[in-house]
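Throughout, read-outs are computed from the coordinates displayed, never taken from laboratory work. Remember, it's a predicted structure, so these values are computed and weren't measured experimentally. Counting neighbours? That spans all protein chains shown, and the Cβs are built from the backbone with ideal geometry, glycine included.
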Amino acid sequence: MTAAALFEGFPEAVAEGDVVRLAPNDLEAFARAALQAGYEMCVDVTAVDYLEEREPRFEVVYNLVSIQHRSRLRLLLAVEGDEPHLTSVTPIWPGAGFAEREVYDMFGIVFEGHPDLTRILMPDDWEGYPLRKDFAVGSVPVQFKAAHLVT
Amino acid sequence: MADQRTEEIWVAGTEEWDGASTDEGAQTMREEETASRLAEQIGAVVSDDYVIEDEAADDERMIINMGPQHPSTHGVLRLQLELEGEIIRRSKPIIGYLHTGMEKTAETLTFMQGPTNVTRMDYLAPFHNELCFSLAVEKLAGIEAPPRAQVIRVLMTELNRISSHLIALATNGMDIGAISMMLYGFRDRELILSFFEKTTGLRMNHNYIRPGGVAADLPPGWRQDVEEICRVIPQRLDDYDDLLQNNPIWLERTKGVGVITGEECLAYSITGPPLRASGVNWDLRKAFPYSGLEDYEFEVPLGQNGDVYDRYRVKVEEIIQSVGIVRQAAERMPKGDYRVDDRKITPPPRKRIDESMEALIHHFKIFTEGFRVPTGETYVAIESPRGELGCYLVSNGAGKPWRMHTRAPSFYNLQALPIMMADSLVADTIATIASLDPVMGDVDR
Amino acid sequence: MARLSAPNNLLTTTIDKAARWAQTRSMFPATFGLACCAIEMMATGAAHNDLARFGMEVFRASPRQADLMIVAGRVSQKMAPVLRQVYDQMPDPKWVISMGACASTGGMFNNYALVQGVDQVVPVDIYVPGCPPGPQSLMHGILTLHEKIMSGELVHS
């Protein structure tokens, strides 16, 4: 399957340049098709919390790289804020394993089908999802005379 | 395209086992039956000789914890090893001991303060972190650094690649036992660090490459320093080759150890020297060139077997290639500005502030609120000494990023450890970790 | 460790001085390099700035054989219990140098992930500022520690 034919099965995917916006339900099928089309590496999985700026709240970003076609592809998936969940692409690209754990740890997005979805960066008994916008930075007031603002 | 063996071993290696847990919480390994059930669910073929153990009884295996405080784990990496005698059957890397919340901190710092934060992620290659972040900001802001700044950036990042690989060789040698390699590596790195100190003011974590260019021009006399470095480093590399290249102990301990194939690398998103040592020709400086690198002549060294020896050779060859790039950069250094001329982004020179009201206002705005970057999102990746270092940046039009994520090469490279260490000896673990060259600041951010 | 101090006569003060001299002249640091400061610590031990001239090039991996813990780098929430455990495993007399801004006060990372100052976990004797402190700063910190021990200012009981 060539890279161009990749999009034929997904009429709802909106593509501009190398950015593709997908519906969360299409993720697994698209990922398998992308692997077939030559995107051998899933280089990065991350998420963004838009809190009130956008509905739905979270956007999960997958960065794919094709060595044979020398091209990149970025998938953006909008995920709802209450009980966010997505299918895991770990069976397709095992390299996404740690990255999905990190997204779970930092944002609380559950990846169904992930073999080991536990906290990876924070201690296991940590409460809260640090990179969400409603989680405070957690800074400690510093004892300078002029510093009364804490960001 | 993921290898069959990949799926079996990976699933087996990352299960949890209910047993002795540690103080830090339940990073445990599950029992083996779950392996076959899980494997069935994801459709992998389970082969008898690995996943379902019918040879050794369970009580002959021991779970040993290596780290996080251990001299050979290259920082605070914790490895949980399931050993049968001296052979590792399963392993699990546990990270997070250096998690600094840098991505959260990045949301509280302006775009000009960003490099200060990002540079401390991969602290052995600080210029690369700064370059990646600056390129992402420049792409979103629609500006481009002037030619002199771009050549300075190439010069500094390639010198950084040399110093980072020197540390990789030094620690690789020390972990395997060639302690003089450690002293050699650090001694030669001092040459490069003193040049960095002259140019940027700091030996490490420079905050020099900023969106728009670089922070300051090269100091007078830089050409002599760079020529000295380019003259001395290849000679020293010959010294290291005398020590290591044909040394039978070195060859015994590195050849055939920690093998990973090209397909497994691709499946596990491994990039950088480990990928090239397995034979895959992928270097972002050639594939998606940045900062003018398409005009430089250099080769990409490749290995064949994907073992520790090949990764060591790839690093040595990359140092030689980087010396070539540094020479070319020094020759072609154009005259001109070292920062983009856009007054909204580059602070004005200090004496202009006394003369012009506009300069004063710009200075104030840039240093308090920060310059604004238009709304958008972008992903920029460069080739750091460890692999593909990427920065995913989202801006909502304010002076601080809405979200800054770094694609850390060591984070992904570590996932391959269970594959490389399967059925090998504990001593080979040390060699393997050293060859992967993880930097825990990069892994945990 | 009970200090030889009950009768304060010529014999015990001389033994005291000799003990302190011995402690400073061959302090073994425990490897506790965490982040960027660890690289500078290694550079201090390497050839250019040589810690071996102070008898300290032997970085003991086992805390049981070390008497100085140089906390080099940022201490995260997950690492704090480990830090305390390693400190507890060191036998007396022991000293702690907090190297760098992150170890001393949390540094530039004033957020949820780091312990804001390692002195919240272990008692610190010397703070070395810098981000990272160059080898010369670290050596100055180590030599200051030696002076403090020799002068009897630092008492560990």
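Would you mind calculating the relative contact order of chain B from Cα pairs under 8 angstrom and at least 6 residues apart, reporting the percent as a whole number?
With pairs under 8 Å counted, the relative contact order is 23 percent.
For residue A:127 paired with residue C:85, estimate the spin-label separation in nm (one decimal), with each label point 7 Å from Cα along the Cα-to-Cβ line.
Using points 7 Å along Cα→Cβ, the separation is 2.5 nm.
By its C-alpha gyration tensor, with a ≥ b ≥ c as the square roots of the eigenvalues, how is segment C:85-157 shaped: rounded for a/c under 1.5, else prolate for a/b larger than b/c, else oblate?
In terms of gyration-tensor shape, oblate.
Toward the positive end of the charge dipole of the protein assembly as shown, about the Cα centre and with charges on Cβ (Lys, Arg +1; Asp, Glu -1), which of A:37, B:348, B:94 goes farthest?
The residue sitting farthest along the positive end of the dipole is B:348.
When the helix-only estimate is applied to chain C (DSSP H runs of n ≥ 4, each -39,500 (n - 2.57), divided by the residue count), what is the mean residue ellipticity at 222 nm, nearest 500 deg cm²/dmol?
The helix contribution divided over chain C gives -11000 deg cm²/dmol.
If a/c stays under 1.5 just call it rounded; otherwise compare a/b with b/c (prolate if a/b is bigger, oblate if not). Do that for segment C:28-150, with a ≥ b ≥ c from the square roots of the Cα gyration tensor eigenvalues.
Cα axes put segment C:28-150 in the oblate bin.
Name the residue, out of C:58, C:75, C:96, whose mean-square fluctuation peaks in a Gaussian network model built on chain C with Cα pairs under 10 Å.
Ranking C:58, C:75, C:96 by mean-square fluctuation puts C:58 first.
Do the alpha carbons of any pairs in C:94/C:148; B:139/B:400; B:139/B:351; B:198/B:344 sit beyond 20 Å of each other, and which pairs?
Too far apart for the 20 Å limit: B:139/B:351; B:198/B:344.
Which length gain, in nm to one decimal place, applies between residue B:84 and residue B:295 when the Cα-Cα distance is subtracted from 0.36 nm times their residue separation?
70.7 nm
Let me know the charge dipole size of chain B about its Cα centre in debye, to the nearest 20, where only the beta-carbon of Lys, Arg (+1) and Asp, Glu (-1) is charged.
Roughly 2920 debye for chain B.
GNM on chain B, C-alpha springs below 10 Å: top fluctuator among B:378, B:116, B:346?
Result for chain B, Cα springs under 10 Å: B:378 fluctuates most.
Taking only C-alpha pairs under 8 Å that are 6+ residues apart, what is the relative contact order of segment A:4-112 in percent?
Contact order relative to length: 25 percent.
For segment B:265-401, build the charge dipole from Cβ charges (+1 Lys, Arg; -1 Asp, Glu) around the Cα centre, then report which of B:382, B:287, B:370 sits farthest towards its positive end.
B:370
Do any GluC sites (Glu not before Pro) in segment B:283-315 lie in a DSSP loop with no more than 16 other beta carbon atoms within 10 Å, and if so, which?
Here the sparse-neighbourhood loop sites are B:297, B:299.
Just want the ordering: A:19, B:443, C:86, from fewest to most Cβ atoms lying within 10 Å of their own Cβ.
A:19, C:86, B:443
Figure the gain on full extension for residue C:131 and residue C:16 (residue separation times 0.36 nm, minus the Cα-Cα span) and round it to one decimal in nm.
37.7 nm
Run the simple label-point estimate for residue B:352 and residue A:55 please: 7 Å along Cα→C-beta, distance reported in nm.
The two pseudo-label positions are separated by 4.7 nm.
Report the label-to-label distance for residue B:228 and residue A:78 in nanometres (one decimal), using points 7 Å from each Cα along the Cα→Cβ vector.
It is 6.0 nm.
Enumerate the lysines that residue B:255 could reach by cross-link, defined here as Cα to Cα under 22 Å, with residues fewer than 8 away along the same chain left out.
List returned: B:315.
Provide the FRET efficiency to the nearest 0.05 for the residue B:243-residue A:69 pair, computing r from the beta carbons and using R0 = 45 Å.
0.60
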